[in-house]
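J.: Let me begin by handing over the structure; questions about it come next.
The values are calculated or read from the model by the stated rules, or taken from the named source; none is laboratory data. This is a predicted model, so every value here is computed, not measured. Note that we place each Cβ from the backbone using ideal geometry, even for glycine, and neighbour counts take in every protein chain shown. What goes into the accessible areas is simple: the full protein's heavy atoms, side chains included, and nothing from ligands, DNA or RNA. Shrake-Rupley method; radii C 1.70, N 1.55, O 1.52, S 1.80 Å.
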Amino acid sequence: MDNYKGAGIGNVIECEGGYVTIPNYTSAAAFDKDGVKIKEWRGSESHYANFIKGVRSRNVSDLHCDILEGHLSSALCHTGNISYQLGKQSAPEEVREKIKGEKGCEEAFWTDDGAHGG
C-alpha cells in the first residue's frame with residue numbers, strides 16, 4: 001500500500017465511528033465512517049527537531065513530552081510492525097509468544113490492560 005487513507009507513511013487508527021490519519025509529524029485528521037473529514041490538527045515541531053533542541057540545551061523542559069510518552073508511541077509502531085510481519089490479526093498472548101526472548105521487543109510491548117513485557 002503506497003498511500004492508505006492519506007498516510008503514505010504514518011499511522012491510521014481505525015475506530016468504531018471512523019478513523020484518524022496521522023500522515024506526518026505535524027498534522028492529523030479525523031474522518032467519519034463515510035470518509036468525511038470532521039476535524040483536522042496542524043502545526044507541531046518535528047519530534048526530531050525537538051529532540052535535538054533538548055540534547056543541545058541539556059534541558060528536559062525543552063522537550064514536548066516525557067520520555068515514557070515517546071516510548072509508548074514507539075511501541076505502537078513496533079506492535080503494528082509485528083502484526084504486519086505475522087500477516088494477520090493476533091491476540092496479545094500470541095504477540096508475546098512471538099517476541100519471547102527479544103529483550104527490546106518484550107520491554108516495549110504493552111497492552112491496554114496495562115500488561116507489559118513477556
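J.: Could we say that residue 48 is closer than 25 Å to residue 105 by Cα and in contact with a Ser or Thr (Cβ under 6 Å, 6 or more places away or on another chain) here? Steps first, answer last, please.
T.: Working: closer than 25 Å to residue 105 by Cα: yes; in contact with a Ser or Thr (Cβ under 6 Å, 6 or more places away or on another chain): no.
No: the conditions fail for residue 48.
J.: In the range 41-52, how many are exposed (fewer than 12 other Cβ atoms within 10 Å of the Cβ) and either in contact with a strand residue (DSSP E or B) (Cβ under 6 Å, 6 or more places away or on another chain) or within 21 Å of residue 95 (Cα to Cα) (or both)?
T.: 1
J.: Sticking with this structure for a sec: Against the condition within 20 Å of the chain's Cα centre (by Cα) and of a type in the set (Val, Ile, Thr), how does residue 52 come out, does it pass? Outline the logic, then answer.
T.: Numbers: within 20 Å of the chain's Cα centre (by Cα): no; of a type in the set (Val, Ile, Thr): yes.
Taking the combined requirement at face value, the residue does not satisfy it.
J.: Please find, among 13, 38, 22, the residue that is open to solvent by 80 Å² or more (accessible area, probe 1.4 Å) and not charged (D, E, K, R). Can you show your working first?
T.: Details: 13 fails: open to solvent by 80 Å² or more (accessible area, probe 1.4 Å); 22 fails: open to solvent by 80 Å² or more (accessible area, probe 1.4 Å).
Criteria check complete, one pass: 38.
J.: Same structure, new question: Which pairs do you get when a residue that is more than 15 Å from residue 106 (Cα to Cα), found in the range 72-94, comes within reach of a residue that is open to solvent by less than 100 Å² (accessible area, probe 1.4 Å) and at pLDDT 80 or above, reach meaning Cβ atoms under 6 angstrom, with the pair 6+ apart or on two chains?
T.: Within 6 Å, no pair qualifies.
J.: Further, regarding this structure: Any idea which residue in the range 25-35 is nearest to residue 77 (Cα to Cα), counting only those that are open to solvent by 50 Å² or more (accessible area, probe 1.4 Å) and not acidic (Asp, Glu)?
T.: Here is the first cut: in the range 25-35, the ones open to solvent by 50 Å² or more (accessible area, probe 1.4 Å) are 25-26, 33-34.
With not acidic (Asp, Glu) added as a condition, the list becomes 25-26, 33.
Numbers: 25: 14, 26: 17, 33: 24 Å.
Of everything passing the filter in the range 25-35, 25 is nearest to residue 77 (Cα to Cα).
J.: May I pose another question? Please enumerate the residues belonging to the range 18-33 that are in contact with a Gly (Cβ under 8 Å, 6 or more places away or on another chain) and either part of a loop (DSSP other than H, G, I, E, B) or of a type outside the set (Gly, Ala, Ser) (or both).
T.: Those that are in contact with a Gly (Cβ under 8 Å, 6 or more places away or on another chain) and either part of a loop (DSSP other than H, G, I, E, B) or of a type outside the set (Gly, Ala, Ser) (or both): 21, 22, 23, 24, 26, 31, 32, 33.
J.: Taking the range 53-104 on its own, how many of its residues are open to solvent by 90 Å² or more (accessible area, probe 1.4 Å) and either β-branched (Val, Ile, Thr) or in a loop (DSSP other than H, G, I, E, B) (or both)?
T.: Residues in the range 53-104 being open to solvent by 90 Å² or more (accessible area, probe 1.4 Å) and either β-branched (Val, Ile, Thr) or in a loop (DSSP other than H, G, I, E, B) (or both): 9 in total.
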